[in-house]
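Note sheet for the following structure.
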Amino acid sequence: MTNPPDYRLIILSGPSCAGKSPLAKALKRFYPELDKKMAPLVLYNSRSARPGEVDGIDYHFRVREDIEKLRAKDRFVVMDVRGDLQALDLEELERNLGNSDVFFEGNPFVGRVLQTHPDLKGFNRLSIFMSPLSREELSFFKSVKPSVSLSGLVTDIMRRRLLRRTKKQKGNLSAADLENIEKRASSAWLELQEAYLYRYVIPNHDGEDSENWDAFYYPIGDARKSLLAFVDLLQGKQPDFAEIWEDRVL
């Protein structure tokens, strides 16, 4: 695209169950005027829809073979995301950016493509990463004695979150559910290592499994702080709760 539009590509990424989805839902509920200014970026996905997900709104859910065929089309970028195939329609994204801000909420694999793909060079971006730990916590665990395995800690944090979320959604867990949970939890450490590539990092201890998002009328705890920080960033403000990381943070 020779003349990128003035509208922003807003990227909200983080590990699975970091709290991205409930943050997006809270924005829509409490700040509808901001939510309406952003067109959602809807990807193609080979996995089945989770409870409450809607085809065409959360993802375009397609069988794996159909998404594989999109590799032959220049307008699509096909990505392997924790064993699922996802596809991004570049032409649709550019078309939507000509009319409004576009909001992507999802995993860092897609976030990386949105920040680095040559066809999107020059686009105005606001990139935000949701982390299960703060900068101060990471610094503490790196220096504490006896030493702590950061990769093991992050994996265990996300494993517990994912277990709670999946139990809420499905009740009894199958062997396939447990395998999927382990795959996503194990991926979280690698994904966290890309947080410094984002303009801002929002540390959030209230993942998608937390009742702090919706047990009460308003979010509480880190859920509330994360929502307010996100709103400030959308409005061009610098919130205290948002952090800026360098590559040496990890």
Per residue of the chain, what 222 nm ellipticity follows from adding -39500 (n - 2.57) for every DSSP H run with n ≥ 4, rounded to the nearest 500?
-12000 deg cm²/dmol
Which residues make up the longest stretch of the chain that has no chymotrypsin sites (Phe, Trp or Tyr not before Pro) in a DSSP loop with at most 16 other Cβ atoms within 10 Å?
1-215
Square roots of five times the Cα gyration tensor eigenvalues for region 1-132, Å
21, 20, 14
Fewest to most neighbouring Cβ within 10 Å: what's the order for Lys121, Lys37, Lys142?
Lys121, Lys142, Lys37
Please give me, ordered by residue number, the trypsin sites (Lys or Arg not before Pro) of region 49-118 that lie in loop per DSSP and have at most 14 other Cβ atoms within 10 Å.
Lys73, Arg75
What's the exposure ranking of Asp101, Asp80, Asp156, going from fewest to most Cβ atoms within 10 Å?
Asp80, Asp156, Asp101
Would you please give the FRET efficiency between Val54 and Arg112, computed as 1/(1 + (r/R0)^6) with r the Cβ-Cβ distance and R0 = 25 Å, to the nearest 0.05?
0.45
Computed lengthening from Lys170 to Ser139, 0.36 nm per intervening residue step minus Cα-Cα distance
7.5 nm
Going down the list Lys145/Lys183; Lys121/Lys142; Lys170/Lys225; Lys121/Lys170, which pairs span over 32 Å between their C-alpha atoms?
Lys121/Lys142; Lys121/Lys170
List the trypsin sites (Lys or Arg not before Pro) within region 158-250 that DSSP assigns to loop and that have no more than 12 neighbouring Cβ atoms inside 10 Å.
Lys237
Take the alpha carbon atoms of region 116-248, find their radius of gyration, then divide it by 2.2 N^0.38 Å using N residues; give the quotient.
1.17
Do me a favour and compute the ellipsoid semi-axes for region 90-155 from its Cα gyration tensor, root of five times each eigenvalue, largest one first, whole Å.
36, 11, 10
Relative contact order in percent for region 1-157 (Cα pairs under 8 Å, 6+ apart) equals 37 percent
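Read the figures in this text as sums done on the coordinates, not as results from a lab. Since the model is a prediction, treat every value here as computed from it, not as a measurement. Cβ coordinates were reconstructed from backbone atoms using ideal geometry, including for glycine residues, and neighbour counts include every protein chain displayed.
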